[in-house]
Amino acid sequence: MDHEYNNENNMYHYNYREEPKPQDDYRPAPPVYDTGCRPEYEPPKKRKSGFWRKKSTQITAVILACALLGGLCGFGGAMLAKNAGRGHSTIQESTRPATTVSIKKVDGQTLMTPAEVYAATANSVASINCSATSTNIFGQKVESASSGSGFVITADGYIVTNQHVVSGASSISVTLYNGDTYPATLVGGDSDYDVAVLKVNANSLTPVTMGNSADVNVGDTVLAIGNPLGELTFSMSQGIVSCCDRAINVDGTPFNMIQVDASINPGNSGGPLMNLYGEVVGIVSAKYSSYSNTMVEGLGFAIPISDVQAIITDIMENGQVTNKAYLAIRAGTMTEEMAAQYQIDIKEGVFVYSAIEGGAGDKAGLRLGDVITKVDDKAVTSMEDLSAAKKGHKAGDTVTLTVFRDGEYITTELTFDEQPETTGTEEDQQQTPQDGRYPYGQMPEGWQDFYNYFFGNRGN
């Protein structure tokens, strides 16, 4: 029972309760006397000083917060203004209808845009892939692959390309623009002209239209369609004609080329070079990427189609070139040493050592000591020039030779013979006795080709 005394006018309170009985491990709490007095005053503990408690830090934080808040407000205002302005801004869009490229027929009379030329001729371009098997020094069979370009010249499957594209190939395949792929047979080719003809078993193909490379002018726009890098099939590049009759030497073989600045890369070889009438005016053949350790750009070359059109027909009909022009002479490039030796007043041209009895040169009156300086109106300064000049002619053609003889220039008419097969690819053999090299055919059998290969007496 609790007894409690409370007196609201009395500041003392007294509570009386029965104390609980002690139990095991139980200790009663000491009595608490409520005196009603206030607790003693304890002064506030001094706070430790810190970075964030410095007044300068707090002022700086307030300033930064205000700046951040102001920036956010400005950005938000700008975004609101931008979004509000969108409702009044418009984006101009073209309403011009898409250009439709019409496929025109190549008739030699209709000037076309590059897109129209491509549409009209892409089906005549071929991608050529070759594989070859060779044996290495360990006697192992090695497979190799190469690629190039070409173009269809007849509806029944004759295709033109470069000889160097298919040289040494054991198998050849041709892929057309529509994706059709055919195995191809090599009809024949000629390294002097770098031309080869393939045949596929197909009908109703789309042939190209041959143009006249003699009509090409410097500055004319030309287009090359081909297979650059062997992967970028049926790509077209555009450029202008830089030179119409550029004499260059490709791996020892002289050519008179059309020089262009269109992009030409490995894989383009053998493809057509076209004018803006869609006519083929050349066969893409070579590119200079460096010269004398100097990187070059924009130097591509194509074989003039007019120079090889008769050759192509000859290969189609006979499997080889059967009517190569032949002078039937022994000759070499004129040098200063030869001029001094033979007491000749000129230092350039083709020096005649002898003329084969009964041959074209003999009939034209050529003899030892003559120096050929022109074939028609083409200057001749070396055997390379003479070979290049002959490429524009065939057996039976008649030309006018300008010859330096006994201190004066004379002219004589020469009718080309047909080059005999026994002479291989050359007939006007380079001879320079003063440098110690044997004239062709005067070394022991079996050694002539070996000697000439290493010492350079390989004709022209």
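The values are calculated or read from the model by the stated rules, or taken from the named source; none is laboratory data. Treat the numbers as computed from the prediction; the structure is a model and nothing was measured. Using ideal geometry, Cβ is built from the backbone for each residue, glycine included, and neighbour counts are taken over all protein chains shown. To get the accessible areas, we keep the full protein, side chains included, count just its heavy atoms, and leave off ligands, DNA and RNA. Shrake-Rupley method; radii C 1.70, N 1.55, O 1.52, S 1.80 Å.
Residue 204 fails exactly one of the following numbered conditions: (1) touching a residue at least 60 places away in the same chain (Cβ under 8 Å); (2) in a loop (DSSP other than H, G, I, E, B); (3) hydroxyl-bearing (Ser, Thr, Tyr). What is the number of that condition?
(1)
Kindly establish whether residue 217 is out of contact with any Asp or Glu (no Cβ under 8 Å at 6 or more places or on another chain), open to solvent by 20 Å² or more (accessible area, probe 1.4 Å) and more than 29 Å from residue 388 (Cα to Cα).
When the stated conditions are applied, residue 217 does not pass them.
Here are the criteria: (1) open to solvent by 40 Å² or more (accessible area, probe 1.4 Å); (2) of a type in the set (S, T, N, Q); (3) closer than 27 Å to residue 172 by Cα. Tell me which single one residue 285 does not satisfy.
Every listed condition holds for residue 285 apart from (1).
Listed here are the residues, each with its yes/no results for (1) over 20 Å from the mean Cα position of the chain (by Cα); (2) modelled with pLDDT of 95 or more.
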site: 269; (1), (2): no, no
site: 276; (1), (2): yes, yes
site: 283; (1), (2): no, yes
site: 290; (1), (2): no, no
site: 299; (1), (2): no, no
site: 307; (1), (2): yes, no
site: 317; (1), (2): yes, no
site: 324; (1), (2): yes, no
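Examine the stretch 392-400 for a residue that is crowded, with 16+ Cβ neighbours inside 10 Å and over 39 Å from the mean Cα position of the chain (by Cα), and state whether such a residue exists.
Scanning the stretch 392-400 turns up at least one residue that is crowded, with 16+ Cβ neighbours inside 10 Å and over 39 Å from the mean Cα position of the chain (by Cα).
Looking only at the stretch 135-143, decide whether some residue is among the small types (Gly, Ala, Ser) and in a strand (DSSP E or B).
No, the stretch 135-143 has no match at all.
Can you go through 179, 219, 168 and tell me which one is farther than 25 Å from residue 307 by Cβ and either in contact with a Ser or Thr (Cβ under 6 Å, 6 or more places away or on another chain) or in a loop (DSSP other than H, G, I, E, B) (or both)?
Working: 219 fails: farther than 25 Å from residue 307 by Cβ; 168 fails: farther than 25 Å from residue 307 by Cβ.
Unique residue meeting the criteria: 179.
Okay, residues lined up against (1) outside any strand (DSSP E or B); (2) closer than 21 Å to residue 151 by Cβ; (3) touching a helix residue (DSSP H, G or I) at 6+ places or on another chain (Cβ under 8 Å):
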residue: 309; (1), (2), (3): yes, yes, no
residue: 312; (1), (2), (3): yes, yes, no
residue: 321; (1), (2), (3): yes, yes, yes
residue: 332; (1), (2), (3): no, no, yes
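Taking the stretch 407-419 as the region of interest, how many residues are surrounded by 12 or more Cβ atoms within 10 Å (Cβ to Cβ) and outside any strand (DSSP E or B)?
Residues meeting the conditions: 2.
Could you grab me the full set of residues in the stretch 138-180 that are aromatic (Phe, Trp, Tyr) and either under 19 Å from residue 280 (Cα atoms) or within 19 Å of the chain's Cα centre (by Cα) (or both)?
Correct list: 151, 158, 177.
Looking at the stretch 232-250, can you tell me whether even one residue there is closer than 16 Å to residue 190 by Cα, hydroxyl-bearing (Ser, Thr, Tyr) and touching a residue at least 60 places away in the same chain (Cβ under 8 Å)?
Among the residues of the stretch 232-250, not one is closer than 16 Å to residue 190 by Cα, hydroxyl-bearing (Ser, Thr, Tyr) and touching a residue at least 60 places away in the same chain (Cβ under 8 Å), which makes the answer no.
Rundown of residues vs (1) in contact with a Ser or Thr (Cβ under 7 Å, 6 or more places away or on another chain); (2) within 25 Å of residue 207 (Cβ to Cβ); (3) of a type outside the set (Val, Ile, Thr), yes/no style:
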{"residue": "224", "(1), (2), (3)": "yes, yes, yes"}
{"residue": "232", "(1), (2), (3)": "no, yes, yes"}
{"residue": "244", "(1), (2), (3)": "no, no, yes"}
{"residue": "247", "(1), (2), (3)": "no, no, yes"}
{"residue": "254", "(1), (2), (3)": "yes, no, yes"}
{"residue": "260", "(1), (2), (3)": "yes, yes, no"}
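In the stretch 293-313, which residues are open to solvent by less than 40 Å² (accessible area, probe 1.4 Å) and in contact (Cβ under 8 Å) with a residue 24 or more places away in the chain? Spell out the reasoning first.
Narrowing the stretch 293-313 to residues open to solvent by less than 40 Å² (accessible area, probe 1.4 Å): 296, 298, 300-305, 308, 311-312.
Selection gives 298, 300, 301, 302, 303, 304, 305, 308, 311, 312.
Return the residues of the stretch 234-263 that are surrounded by fewer than 20 Cβ atoms within 10 Å (Cβ to Cβ), on the phi < 0 side of the Ramachandran plot and in a loop (DSSP other than H, G, I, E, B); say none if nothing qualifies.
261, 263
Name, by its number, the condition in (1) within 18 Å of residue 233 (Cα to Cα); (2) aliphatic (A, V, I, L, M); (3) surrounded by 13 or more Cβ atoms within 10 Å (Cβ to Cβ) that does not hold for residue 112.
Condition not satisfied by residue 112: (1).
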